[in-house]
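Visitor: Structure provided below as structure tokens; questions to follow.
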Amino acid sequence: MCWSATADLAAGSAVAAVGVACAALVREVRELPLATLPLLLGAHQIVESVVWRSGGGGGPATVVWAVIALPLLAVWVPAGVMCVAPPRARLRLAFPLAAGALTSAWLAHGLATEPVTAEIRGHTVGYVLHASPVPLLVMGYLLATVGSLLLSGDRRLFVLGVLAAVGATACWALWRLEFVSTWCAVAALCSVVLLGWVRARRTSA
């Protein structure tokens, strides 16, 4: 997520604050899953600050981090998009939602049956979960999260999907090099886009 415990804690607190602002602006209950996504992302980063300070390993913070990052987000994002999608988009959004549900179930099974560990690698944290087939899980995860945003039928959510796709690719490349973890910056940008989305819906209501 971020390059140090301090960066994770600071970024997580800021992203969570954006999430509070998003939730405060919500006018319809069906908007809450997406509006509170920054709260979830902020909490995720704060949890990782604990992983940093504990030196990695397979402790409770590592498990909580993995639960949020893997099975929870895989179904949270497509379900949130489905909740706010216009009727014309719901049929095509059934595919990302189904992919998210299946991917989430498989990842949850992996977490329940295999240990997950974290390792500090310079300015990054590497997480290891023995779940397979990895390519299929990655495809399902991306279809559920990024795919649902791109197929949402909402211009701002489409922009969010593009930002998430580009940001995830760049962050993955930097993480693979064990240079620096920068996903916290992408999470912050995505949270600001979601704040704009909530404000736009409130104005048009």
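Visitor: FRET efficiency for residue 199 and residue 10, Cβ-Cβ distance as r, R0 = 25 Å, nearest 0.05?
Guide: It comes to 0.55.
Visitor: Let me ask something else about it. To test your reading of the geometry: what angle, between 0 and 90 degrees and rounded to tens, separates the Cα axis of helix 87-113 from the longest principal axis of the chain?
Guide: 20
Visitor: Round to the nearest 10 and give me the degree value, 0 to 90, for the angle of helix 155-176's Cα axis relative to the longest principal axis of the chain.
Guide: 10
Visitor: Could you sort the peptides 131-141, 77-87 by per-residue average Cβ neighbour count (10 Å cutoff), highest mean leading?
Guide: Taking the mean over residues of other Cβ atoms within 10 Å, the ranking is 77-87, 131-141.
Visitor: What full-extension length gain, to one decimal in nm, is calculated for residue 114 and residue 169 as 0.36 nm per residue of separation minus the Cα-Cα distance?
Guide: Roughly 17.1 nm would be gained on extension.
Visitor: Mind checking the angle between helix 5-25 and the chain's longest principal axis? C-alpha axes, 0 to 90 degrees, to the nearest 10.
Guide: The two axes meet at around 20 degrees.
Visitor: How much length is gained on full extension from residue 94 to residue 26, taking 0.36 nm per residue of separation minus their Cα-Cα distance?
Guide: 22.1 nm
Visitor: Report, to the nearest whole %, how much of the accessible area of the chain belongs to carbon and sulfur atoms, 1.4 Å probe, protein only.
Guide: Taking all protein chains in place, the chain shows 73 percent carbon and sulfur surface.
The values are calculated or read from the model by the stated rules, or taken from the named source; none is laboratory data. Computed from a predicted structure; not experimentally measured. Ideal geometry is used to build each Cβ from the backbone, glycine not excepted, and the neighbour counts take in all protein chains shown. Areas reflect the complete protein model, heavy atoms only, side chains present, ligands, DNA and RNA absent. Shrake-Rupley method; radii C 1.70, N 1.55, O 1.52, S 1.80 Å.
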